[in-house]
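The values are calculated or read from the model by the stated rules, or taken from the named source; none is laboratory data. All figures in this text were calculated on a predicted structure; none of them were measured in a lab. A quick note on method: Cβ atoms are made from the backbone with ideal geometry, for glycine too, and the neighbour counts reach across all protein chains shown.
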Amino acid sequence: MSRAEGVDGIVLAAGRGDRLGLGPKAWLELGGQTLLERAVTTLRAVVDRVIVGVAAEDLARAAPLVGRETVVVAGGATHRETMLAAFRAGAAPLVLIHDVAHPFVTAALAGRVLEAAREHGAAVAAVRSDSSVYREVEGAPPERFGPGEVWLVRRPFAARRAVFARAVTTGGTDEGLGVLLDREGLWPRIVPAPPWNVKITTPEDWALARAIATGPGGDRG
């Protein structure tokens, strides 16, 4: 796959991994690579510039792993602060957001998300739920959604720079990207992702990721 020009590929890698309990996720190894190396390798295949946001104390540790052609910046206490720091280090017309917590993103999927963002302004990879889902609100009956009606948001996310700037520079520091997009009336185009495009948050997620990486068919990343 050829690299897309005019794209800043951003890797979020400043999280502490508190819920996982194994330290910062960027330094966990899966399939012989750290999660940071996996993310950077994936983006290098599809974009012409990679910017990594890591914790300030990890700047020296990250640099030799990602290579001199990758820009490394100090992230913040939240995902949004890290996104802003990395975003401000670039200037390309398109922005592609990846996260070390999603180790099985492929270059092909990232390319499809980029193309959808070029056409529609913003796009995100998501996994369609094959199960029924209930939305529970206190004081009201649960709202049921049938199989196939709900999408589970994953990474990567891509947007035109102006669209991304409108979303990420507004709202509170603890609000996720989806909330910021909704506030601005920006709805990304959904790009279907395979079910093994999991997000690592808890110990159970980590066990699942390790099983995917070592199971039949090998590492899907």
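Considering every residue within segment 34-41, establish whether at least one is part of a strand (DSSP E or B), touching a residue at least 60 places away in the same chain (Cβ under 8 Å) and either more than 18 Å from Arg155 (Cβ to Cβ) or in contact with a Gly (Cβ under 8 Å, 6 or more places away or on another chain) (or both). Within segment 34-41 (the criterion being part of a strand (DSSP E or B), touching a residue at least 60 places away in the same chain (Cβ under 8 Å) and either more than 18 Å from Arg155 (Cβ to Cβ) or in contact with a Gly (Cβ under 8 Å, 6 or more places away or on another chain) (or both)), the answer is no, since none of the residues qualifies. In segment 45-83, of all residues being under 14 Å from the mean Cα position of the chain (by Cα) and closer than 15 Å to Asp8 by Cβ, the one that is surrounded by the fewest Cβ atoms within 10 Å (Cβ to Cβ) corresponds to Ile51. With respect to Glu5, is the statement that it is assigned to a strand (DSSP E or B), within 25 Å of Arg161 (Cα to Cα) and over 14 Å from the mean Cα position of the chain (by Cα) true? When the stated conditions are applied, Glu5 passes them. Can you say whether Ala108 is modelled with pLDDT of 95 or more and crowded, with 22+ Cβ neighbours inside 10 Å, as far as the supplied structure shows? No, not satisfied. Filtered by the rule that a residue be in contact (Cβ under 8 Å) with a residue 24 or more places away in the chain, part of a strand (DSSP E or B) and more than 17 Å from Ala74 (Cα to Cα), segment 9-32 gives a lone residue, Leu30. Counting only strands (runs of 3 or more DSSP E) that sit wholly inside segment 109-189, those with at least 2 residues that are in contact (Cβ under 8 Å) with a residue 40 or more places away in the chain are 122-128, 151-160.
With the condition kept exactly as written, say whether any residue in segment 48-61 is closer than 28 Å to Gly215 by Cα and part of a strand (DSSP E or B). The answer is no; no qualifying residue exists.
Evaluation of Ala86 against the conditions (1) part of a strand (DSSP E or B); (2) within 30 Å of Pro195 (Cβ to Cβ); (3) aliphatic (A, V, I, L, M) shows that the sole unmet condition is (1). Of all residues in segment 111-144, those that are farther than 22 Å from Arg38 by Cα, surrounded by 10 or more Cβ atoms within 10 Å (Cβ to Cβ) and of a type in the set (A, V, I, L, M) total 4.
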